[in-house]
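The values are calculated or read from the model by the stated rules, or taken from the named source; none is laboratory data. Everything quoted here is computed from the prediction, not taken from an experiment. Please note: Cβ atoms are built from the backbone with ideal geometry, for glycine as well, and neighbour counts cover all protein chains shown. These area figures cover heavy atoms from the full protein model, side chains too; ligands, DNA and RNA do not enter into them. Shrake-Rupley method; radii C 1.70, N 1.55, O 1.52, S 1.80 Å.
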Amino acid sequence: MCGVTGFFLTNHNKGGDFLKREIIKMNNALSHRGPDNGDLWFDEKEKIYLGHRRLSIIDLSEKANQPMKSNNHRYVISFNGEIYNFRELKRNLEKKKITFNNNSDTQVLLEVLNYYGVERGIKKVNGMFSFVLWDRKEKFLYLISDRLGKKPLYWCNISGSIIFGSELKSLISFYMFNKEINKNSLQNFLRFSYINSPETIFKNTYKLEPGSIIRFNKNRDIKKTSYWNFNFNMENSNEIKNNKISKIKKLTELLEDSVSKRMISDVPIGVMLSGGIDSSLIAAIAQKISSKKIDTYCIGFKSKGFDESKYAKKISKVLSTSHNEFILDDYSIEDLVEKIPFYYDEPFADSSQIPSMIISKELKKKVTVCLTGDGGDEVFGGYTRYIWGDKFSKICNIFPIFLRNIISVILNTIPSEKINKFNELFPNYILPSQFGDRMKKIGKIILSKSNYEIYLKLITQMEDKVLLNQSDFHKNSSNNIFLKKNIIEAMQIMDLKNYLPGDILTKIDRASMASSLELRSPLLDYRLIEFSFKSLVSKDKIYGNKGKYILRQILKNYIPENLINRPKMGFAIPISKWLRGRLKNWMLDTLNLNKIKSQNVLNYQQVGKMINDHITSKRNCHHELWNILMFQMWFDKWMK
């Protein structure tokens, strides 16, 4: 895993030495992403400058350093990621008499693009990546992302000059960059806890969308194309759709191949094991494939309602892995949260970023690469909101609005905080986490007028208008997906397009790269996603009010069923409790109302009310407060 950066300039009056210092500065800003090497390539005449920071994974020799040129010197690449099918691609190219001077996947990618052409070649690649490619013949600059947006790439157009980087901090360090907050992006962040591509927190600055190619020519004209989307060809799928045995067999083959490809590494590798369906299946397959005991890792909590580590330990014993456990409560959370704005670059408020950063730091002491179960929920229907969304859709279709209004009023009178406190005394299989808050949310959702509105209410983290001069939230064309698909499939597609890259993959990329650790997600192999939507029916994913049904069937071949069929817990942490206890003083200091008032961005009175309501347990505002805290932390770090 690596960091890429650079710029492609038009009008500027700076000399070559100045620009070299700029690219060095931008490259050094990404040193945590690639501590093993940092190199540059530039063409002063064409005003193109590329930087690269390397975390060595495949071929540890200097020959694999970047930026790298193709054999014929036409292309220069700065690449971040891994190509999982590089061995097959390399064998095919060798049959065509193409030679290689190193064993890296980067050179294979270069020669694939050179031989087949950029737009045709990228479709042959299976991997996680974002990269910059300079065509020295045509004078084209390409920015390219993988199908799911696993690896980040930011870019900005400043008067025709293009600057780019794996993280915003490299762009911010460039002398031409203008830090002006995009209020629309901030509003969406406060609502959903993350900023979805292509927008960023800054105006005129963008994230490369999943499955995209952006090309800039010598006139800096922009051409944007998509080489992969969710409009799958459904032909020839009925035969396997109606055969349960065939589906399980085919899916098992795909899973084993996906895990096998992601276990290729020239450095130590491990597996994250939370005890859930996804990570347990990945660990089971990895152990089956491996000739020796694999290393598994999990994180635990002292709070019963949040701890899942005991299940991970039981599963590791069944699989005979070498298991390692870290207890989150033993770490200084106060010190860790101070580092969040540096590594996340823009406001990001998925609180599981905390355990993600802790386990990444601990993992790096043991391994450089780790497999995770990320993606299983989106691909195979694991989120409970899919089940609830379907139920709410039926309720809203059956019951008239006046009756739903009555139920809503009743639910909103429930003292949610008392239920939440009672909830903390028991594991999640007795009552779901924050059950009192969920009852309040149900009261709002049942008033929805469409499936899209149900989905928006399910994923919304903040409804209070705390942003000054906040505009009304406008629905977009995504509603069309809900008109064409059943609500469960529509929610899955929306999550794969938005929540997965914007939240989940952003979280694990920044958390892992903060410790120079590479995370690989076998369940996000694009072939699995295509199989899921082409060949699986709804009951293969959700059956008997449980998600990931077909994965459970496969997992039964490895571990006892009693360890499989238990309620989903997730990677939650007790933020609500912490903001009244160990993080209370930090919160009050960060959200100093005089400071917020002087910034003239947030409504300080509304923020103050939320703080008071939460501390006094009048209502639980931890989602809203965490979003505000993450914005304020970011503002204090980057806007001064």
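Any idea which residue in the range 137-185 is nearest to ASN217 (Cα to Cα), counting only those that are within 21 Å of the chain's Cα centre (by Cα) and among the charged types (D, E, K, R)?
The qualifying residue nearest to ASN217 (Cα to Cα) is ASP146.
So which of VAL318, VAL409 ends up being in contact with a Pro (Cβ under 9 Å, 6 or more places away or on another chain), open to solvent by 30 Å² or more (accessible area, probe 1.4 Å) and either assigned to a helix (DSSP H, G or I) or modelled with pLDDT of 95 or more (or both)?
None of the other options fit; the residue is VAL318.
Could you please find all residues in the range 506-538 being part of a helix (DSSP H, G or I), under 20 Å from GLY276 (Cα atoms) and out of contact with any strand residue (DSSP E or B) (no Cβ under 9 Å at 6 or more places or on another chain)?
Within the range 506-538, LYS507, LEU523, LEU528, ILE529, SER532 meet the criteria.
Out of ILE163, ILE201, ILE195, I need the residue that is among the hydrophobic types (A, V, I, L, M, F, W, C) and out of contact with any Ser or Thr (no Cβ under 6 Å at 6 or more places or on another chain). Which one?
ILE163
Determine which single condition CYS370 fails, assuming it passes every other condition in (1) farther than 28 Å from PHE230 by Cα; (2) touching a Gly at 6+ places or on another chain (Cβ under 7 Å); (3) not hydroxyl-bearing (Ser, Thr, Tyr).
Among (1) farther than 28 Å from PHE230 by Cα; (2) touching a Gly at 6+ places or on another chain (Cβ under 7 Å); (3) not hydroxyl-bearing (Ser, Thr, Tyr), CYS370 violates only (1).
Return yes or no: is GLY160 crowded, with 22+ Cβ neighbours inside 10 Å and under 17 Å from LYS224 (Cβ atoms)?
no
Considering every residue within the range 239-250, establish whether at least one is at pLDDT 90 or above, assigned to a helix (DSSP H, G or I) and open to solvent by less than 20 Å² (accessible area, probe 1.4 Å).
Scanning the range 239-250, I find at least one residue that is at pLDDT 90 or above, assigned to a helix (DSSP H, G or I) and open to solvent by less than 20 Å² (accessible area, probe 1.4 Å), so the answer is yes.
If you take just the helices (runs of 4 or more DSSP H) that sit entirely in the range 1-120, which of them hold at least 2 residues that are open to solvent by 20 Å² or more (accessible area, probe 1.4 Å) and within 22 Å of SER265 (Cα to Cα)?
86-95
I'm trying to understand the selection: among the residues of the range 152-173, which are modelled with pLDDT under 95 and part of a loop (DSSP other than H, G, I, E, B)?
SER159, GLY160 - these are the residues of the range 152-173 that are modelled with pLDDT under 95 and part of a loop (DSSP other than H, G, I, E, B).
With the checklist (1) over 21 Å from TRP388 (Cβ atoms); (2) open to solvent by 10 Å² or more (accessible area, probe 1.4 Å); (3) not aliphatic (A, V, I, L, M) in hand, flag the one item ARG552 doesn't pass.
It is condition (1) that ARG552 fails.
State yes or no: is GLN434 within 24 Å of the chain's Cα centre (by Cα), at pLDDT below 95 and among the polar types (S, T, N, Q)?
It is true that GLN434 is within 24 Å of the chain's Cα centre (by Cα), at pLDDT below 95 and among the polar types (S, T, N, Q).
Pull out all pairs, ordered by first then second residue, where Cβ-Cβ is under 7 Å, the residues are six or more apart or on different chains, the first lies in the range 59-78 and is on the phi > 0 side of the Ramachandran plot, and the second is open to solvent by less than 20 Å² (accessible area, probe 1.4 Å) and in a loop (DSSP other than H, G, I, E, B).
Close Cβ pairs satisfying both conditions: ASP59/ASN102; ASP59/SER104.
For every residue, the table says whether it meets (1) open to solvent by 30 Å² or more (accessible area, probe 1.4 Å); (2) at pLDDT below 95; (3) not in a loop (DSSP other than H, G, I, E, B).
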residue	(1), (2), (3)
LYS123	yes, no, yes
LEU141	no, no, yes
LYS150	no, no, no
LEU186	no, no, yes
TYR206	yes, no, yes
GLU209	yes, no, no
ILE213	no, no, yes
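Has the range 563-574 got at least one residue that is of a type in the set (D, E, K, R) and under 30 Å from ASN182 (Cβ atoms)?
No - not one qualifying residue is present in the range 563-574.
Which of the numbered conditions does PRO522 fail, given that it passes all the others? Conditions: (1) open to solvent by 20 Å² or more (accessible area, probe 1.4 Å); (2) closer than 26 Å to ARG53 by Cβ.
(1)
Any residue at all in the range 556-564 that is free of Cβ contacts under 8 Å to residues at least 12 places away in the same chain, over 27 Å from ASP503 (Cα atoms), part of a helix (DSSP H, G or I) and open to solvent by 30 Å² or more (accessible area, probe 1.4 Å)?
yes
Any residue in the range 584-592 that is within 30 Å of SER280 (Cα to Cα), part of a helix (DSSP H, G or I), open to solvent by less than 50 Å² (accessible area, probe 1.4 Å) and of a type in the set (A, V, I, L, M)?
Within the range 584-592, not a single residue is within 30 Å of SER280 (Cα to Cα), part of a helix (DSSP H, G or I), open to solvent by less than 50 Å² (accessible area, probe 1.4 Å) and of a type in the set (A, V, I, L, M).
Tell me, yes or no, whether the range 497-512 has at least one residue that is open to solvent by 10 Å² or more (accessible area, probe 1.4 Å) and at positive phi.
The answer is no; no qualifying residue exists.
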